[in-house]
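The next block holds one structure in the form of structure tokens; read it before the comments.
Every number in this text was worked out from the coordinates using simple rules, so none of it is lab data. Quick caveat: nothing in here was measured; it's all calculated off a predicted structure. Note that we place each Cβ from the backbone using ideal geometry, even for glycine, and neighbour counts take in every protein chain shown.
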Amino acid sequence: MLLLLFVAVPVLWVLLFRYRRRRMYELASKIPDGGLELPVIGAAHKFIGTTEDIMSSLKEFSYCAMNNGGLIRGWLGHILYFVATDPVDLEMVLKTCLEKDDLHRFLRNIIGYGGIFAPVPIWRPRRKILLPAFSPKIVDSFVPVFVDQSRKLAEKLEERAGENKFSAWPFISSYTLDSVCETALGVKINAQGNDKSPFLVELNSILQLACERIFHLWLQPDWLYKLFPQHKKHEHSVKALHSFTNDVIEMKRKEIQKEKDAQVEADHQYDLSNYSTKTFLDLLIHFSGGEKGYSNLELREEILTLTIAATDTSATAVGYTLKMLAKYPDIQQKVLQELDEVFGDSDRLFEKEDLMKLKYLERVVKETLRLFPPVPFIIRKVEEEVSLPSGRVLPAGSGVVVTIWGAHRDPHYWGPDAEQFDPDRFLPERFDLKHPCSYMPFSNGPRNCVGYQYALMSIKIALTSVLRSCRVVPDMEPSATPQIRVKLDIMMKAVDGYEIALERRK
């Protein structure tokens, strides 16, 4: 009798569990799995291995979705996900499914409720504060910082000119981190002068650890994760990042108070009219209400989120662009010719007005972002049933993987040469975006990236400085379709660390 009870209780629990989710099972059965699922575990076996293996599996799911009307399902045990590539459906998802998936909790453990990963009730008011901080006037004020830091990058890379291939990642990521810390925090950490910069080391470490945890089911339960060696590394990195940011915020609070105390009573207000001297930290304190605004914890969450996002987004984009210029020397030659037309053989500093003149470089960057978007996937939670324009219905309780990688390579929207690298597809006379979500390297909808102009400026100024002094040694791709081994460390990064060789131009 006791044995029968032990058997009956679990069986009844499973039956009740499935009965309560019968609508989910019904709707899921109408979406193909693409032949990628196994009994019981679903598609979980596809996410075993390295971060390169995981990226390969997600690419496979993306192509499978393209071949199945832009949508397939994939069970991870009892958890249901959909992989979507069709831009029309993606627009609906990004506008209606605003809550980030529960998998983002592993990033929240690091940065808290920063704008990118915050739950909707927290995200809405914070975005209203973030938006004015990224106004064109304020972003333009950071040009001198990008110019100064990019010249240091060019000097560091020029020292390696004439050598064999080397990884450009340490140099590029140091540049972006220096730029972000100066513009966001007002702190010069000189990562470019110290390749073992603690902040950069811990930043790279924590992103890799978070990605491993997201895709490896056995690392997700907190009690089990503590038994793995990764947990100790994770806690060390988080403590280092938090400690650094906390110290900067405390110093900024004291600086603001000191400045206010020094002002006459008639002008007892922290003046932000001169944006050229203000950082994002200054602006967030001011726009949130000053002393009555964001707490130090809220400031840390927003600044740390901005630092992580901006550092890796810009660095990966610069790295992929340099790789493309090596693979396609004829395209690189056009970029160099444009730079010569704008700057001649002078050593004058980059000016804000130069951005508008570098039209071909911009097309090269845009095409690179199309084929190699820094954030290739976005995961949203489906809290209520969503009827997609394509006629399919997403059940409540599921999740959607918005595959930017897939949307950018879908031949239905980009033509039969969708996989080929062709910057001229962004010529005004050729560029015909059939749907806004067919090109969205910085996402789309209400939760799109507020700092995309900031990122593009950093990318273009860095490339300009490097290419004014050095040429990327050709490493020709045999076809128009570039092949780069990539991995997923939250951002999509090159496995080889963006290996290139350089030669001096002057």
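Things worth noting here:
- Calculated FRET efficiency for the pair GLU291/GLN333, C-beta based, R₀ 45 Å, to 0.05: 0.20
- Placing unit charges on the Cβ atoms of the charged side chains and taking the dipole of segment 1-108 about its Cα centre, the candidate lying farthest along the positive direction among LEU58, ALA8, VAL93 is ALA8.
- 23 Å Cα-Cα reach of LYS30 towards lysines, excluding residues that sit fewer than 8 places from it in its own chain: LYS46, LYS59, LYS381
- GluC sites (Glu not before Pro) restricted to segment 332-402 and DSSP loop, no more than 16 other C-beta within 10 Å: GLU351, GLU353, GLU383, GLU384, GLU385
- The chain, relative contact order in percent, only Cα pairs under 8 angstrom and at least six apart counted: 26 percent
- The trypsin sites (Lys or Arg not before Pro) of segment 38-122 include none that meets both criteria, a DSSP state outside H, G, I, E and B (loop) and at most 14 other C-beta atoms within 10 angstrom of the site's C-beta.
- Extreme residue, positive dipole direction of the chain, given options ALA480, ASN194, GLY115 (C-beta unit charges): GLY115
- Pairs spanning more than 31 Å between alpha-carbon atoms, out of LYS292/LYS460; LYS156/LYS352; LYS165/LYS196: LYS292/LYS460.
- For the chain, share of DSSP beta bridges that run antiparallel, in % to the nearest 5: 85 percent
- In order through segment 131-148: 3J(HN,Hα) via Karplus (6.51 cos²θ - 1.76 cosθ + 1.60), integer Hz, x for Gly, Pro: 3, x, 5, 10, 5, x, 4, 6, 4, 4, 5, 8, 3, x, 5, 4, 5, 4
- Of TRP75, LEU281, THR305, farthest towards positive along the dipole that unit charges on Lys, Arg, Asp, Glu beta carbons give segment 36-504: TRP75
- Separation between Cα centres of segment 438-457 and segment 164-230, rounded to whole Å: 22 Å
- Each Lys and Arg Cβ is given +1 and each Asp and Glu Cβ -1; about its Cα centre, segment 52-97 then shows a dipole of about 140 debye.
- Rounded to the nearest 10 degrees, the angle from helix 87-96 to the longest Cα principal axis of the chain is 90 degrees.
- A viscosity of 0.890 mPa s and a temperature of 25 °C, combined with the Kirkwood radius over Cα pairs in Stokes-Einstein, give a translational diffusion coefficient for the chain of 100 µm²/s.
- Between 0 and 90 degrees, the angle of helix 2-20 with respect to the longest Cα principal axis of the chain falls at about 60 degrees.
- What separates the Cα centres of segment 290-341 and segment 95-119 is a distance of 22 Å.
- Entries of LYS137/LYS254; LYS95/LYS137; LYS357/LYS487 with Cα pairs more than 32 Å apart: LYS357/LYS487
- Candidate cross-link partners of LYS152 among the aspartates and glutamates, defined by an alpha-carbon separation under 15 Å and a same-chain spacing of 8 or more, comprise ASP178, GLU182, ASP195, ASP347.
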